[in-house]
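Structure first, then comments.
All of the numbers you see were taken from the coordinates with simple rules; none came from a lab. All of these numbers come straight from a predicted model, not from anything done at the bench. No Cβ is skipped: glycine too gets one built from the backbone with ideal geometry, and neighbour counts run over all protein chains shown.
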Amino acid sequence: MATGVQGEAAALSEEIAELRHAIHAEPEIGLDLPKTQYKVLAALAGLPLEVSTGQALSSVTAVLRGGKPGKTVLLRGDMDALPVTERTGLPYASSIKGAMHACGHDLHTAMLVGAARLLSARQAELPGNVIFMFQPGEEGNGGARLMIDEGVLDAAGGRPVAAYALHVASSLLPLGLSASKAGAVMAAADTLHVTVKGQGGHGAQPHHAADPIPAACEIVLALQTMVTRRFDVFDPVVLTVGTFHAGTTDNVIPDNAAFVATVRTFSAQSRDKVKDAAVELTRQIAAAHGLEAEVEFVDGYPVTANAEAEFDFAKQTIGEIFGDHRFVTAPNPLTGSEDFSYVIEQVPGAFIMVGACPPGIDPFTAPYNHSAEAVFDDGVITDGIELFSELALRRLAASS
Ligand SMILES: [Zn+2]
Ligand SMILES: [Zn+2]
């Protein structure tokens, strides 16, 4: 039988799986997750933690003060579900139509509770503090930003020296394999809104109107040329126009043509540059045709960038506790985005993907995170509790 942290994590796994199933069956979306918050608070009750809850969102911040003085480390688990109707057929599947833990955040929450229990039992020997950050609203609401505004990073007094988050994957990684990389690991995701303003008229008399459609089409194509001609291929930009709307019928020139694009970047430099370049290009093409363009960039999440030293530390920890074969350095970032980025903009940290594809299913054809059929296996729970706990224990024990 396993001993030490691994044995303690294994001993907690059944209870944590039950908590996970309860959260999974009752998913909540967005910033206000009262039932999930209640389950977390109940599961933490009686532990030697300083627990506080959020104002702008139903967050839970729990601080464990170790018996010995030292640094502070932050561990984060997000708690929100997605507006998806579950089709997994699992016994603990969502009981709520239109809501599903399709990104595995139920596992993050439950595993973080497990780590809080395990580390609480070791409070006396702990050389420093641990902040457990239970966060609503990861899926587009920027809950991490709100928790930072409400003081999560200062919850233990001094700033944490490091912050870690785990994210389960239902596909691509087999159960038990972790992956991440130094530097950018997830993209920044911003939104470009363009309205080309013309002058409506008769389709047979375009010279008496100012047609916005050809100019808007030209801008869409020019934006694609821009990302290939003005950006380093090794610091790429992905720009996808996902909506394009203009007009009502064939013989009427409309007043306006509008489109919206998602813009993904992997460095702060490219992110800043694409904002300026896209606005300039759009306005000038419109102007070349005697039209005006309204252009607006709406900021989404910034690049999730792992600090090199914290990535190395997490990789080494996984190698030592599970074996080197259980970690793969990802060749590229993922083009999704993640609001843990706000935390590791301010505190050096690492975001680690953890394979949770059910055994016997090919990870390369398994349904992706966010799919109504995505299944995340309970087999990840013991490892998740152990990894969260070991990252905190070893980082607090480290000399710097
Ligand atoms: Zn997600
Ligand atoms: Zn997620």
*Can you give the % of DSSP beta bridges in the chain that are antiparallel, to the nearest 5?*
65
*Alpha carbons only, please: Rg and Dmax for the range 292-361, in angstrom.*
16.5, 60
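In this model, which of LYS181/LYS273; LYS39/LYS68; LYS71/LYS315; LYS197/LYS275 are farther than 26 Å apart at the alpha-carbon? Numbers along the way, then the final one.
Working: LYS181/LYS273 24 Å; LYS39/LYS68 30 Å; LYS71/LYS315 21 Å; LYS197/LYS275 20 Å.
Beyond 26 Å: LYS39/LYS68.
Hey, what number do you get for the chain at 222 nm if only DSSP H runs of n ≥ 4 count, each worth -39500 (n - 2.57), divided across all residues, to the nearest 500? Numbers along the way, then the final one.
On the way: 9 runs with 135 residues, N = 400.
Here the helix-only value at 222 nm equals -11000 deg cm²/dmol.
With a ≥ b ≥ c taken as the square roots of the eigenvalues of the C-alpha gyration tensor of the range 56-101, please select rounded if a/c is under 1.5 and otherwise prolate if a/b is larger than b/c or oblate if it is not? Intermediate values should be presented prior to the final figure.
Values: a/c = 4.37, a/b = 2.79, b/c = 1.57.
Prolate.
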*Computed lengthening from SER399 to ALA42, 0.36 nm per intervening residue step minus Cα-Cα distance*: 125.0 nm
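Sort ILE131, ILE96, ILE381 so the one with the fewest other Cβ atoms within 10 Å of its own Cβ comes first.
Numbers: ILE131 23, ILE96 15, ILE381 26.
Sorted ascending by nearby Cβ count, the order is ILE96, ILE131, ILE381.
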*Sort the range 282-400 into rounded, prolate or oblate with this rule: let a ≥ b ≥ c be the square roots of the eigenvalues of the Cα gyration tensor; rounded if a/c is under 1.5, and if a/c is not under 1.5, prolate when a/b is larger than b/c, oblate otherwise.*
oblate
_Selected from ALA93, ALA204, ALA17 as most flexible by GNM, with the chain as the system and alpha-carbon contacts under 10 Å_ = ALA204
*Measure of compaction for the range 97-217 (Cα Rg per 2.2 N^0.38 Å)*: 1.80
_Projected-area average for the range 220-358 over all orientations - Cα convex hull basis, square nanometres_ = 12.5
*Could you list log10 I(q)/I(0) for the range 43-165 at q = 0.11, 0.14, 0.15, 0.20 Å⁻¹, which the Debye formula gives when each Cα is one point scatterer?*
-0.40, -0.62, -0.70, -1.08
*asked:* For the range 152-260, which trypsin sites (Lys or Arg not before Pro) pass both filters: DSSP loop (anything but H, G, I, E, B) and at most 16 other C-beta atoms within 10 Å?
replied: ARG230
*If the label point is 7 Å along Cα→Cβ of ARG159, which residues in the range 46-86 have backbone nitrogen under 19 Å from it?*
70-76
*Formal net charge of residues neighbouring TYR368 (Cβ-Cβ distance under 14 Å; K, R +1; D, E -1)*: -1
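Let me know the longest stretch in the chain that avoids all chymotrypsin sites (Phe, Trp or Tyr not before Pro) found in a DSSP loop with at most 12 other C-beta atoms within 10 Å. Can you show the working numbers first?
On the way: sites that count: PHE234, PHE364.
With a cap of 12 other Cβ atoms within 10 Å, the longest stretch comes to 1-233.
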*Once fully extended, how much extra length lies between ASP232 and ASN332, figured as 0.36 nm per residue of separation less the alpha-carbon to alpha-carbon distance?*
34.5 nm
*If the chain were replaced by its equivalent ellipsoid, with semi-axes equal to the square roots of 5 times the Cα gyration tensor eigenvalues, what would those be, largest first, whole Å?*
45, 22, 20
*Residue separation times 0.36 nm, minus the C-alpha to C-alpha distance between ASP324 and GLN205: what's the value?*
35.8 nm
*Have a look at GLN284, GLN123, GLN135 and tell me which one the Gaussian network model of the chain (Cα, springs below 10 Å) gives the largest fluctuation.*
GLN284
*Rounded to the nearest 10 degrees, what's the angle between the helix 105-121 long axis and the longest principal axis of the chain, both from Cα atoms, 0 to 90?*
30
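Where Rh denotes the Kirkwood radius from the mean inverse Cα pair distance, what is Rg over Rh for the range 1-98?
Details: Rg = 16.1 Å, Rh = 15.7 Å.
Ratio of gyration radius to Kirkwood radius: 1.02.
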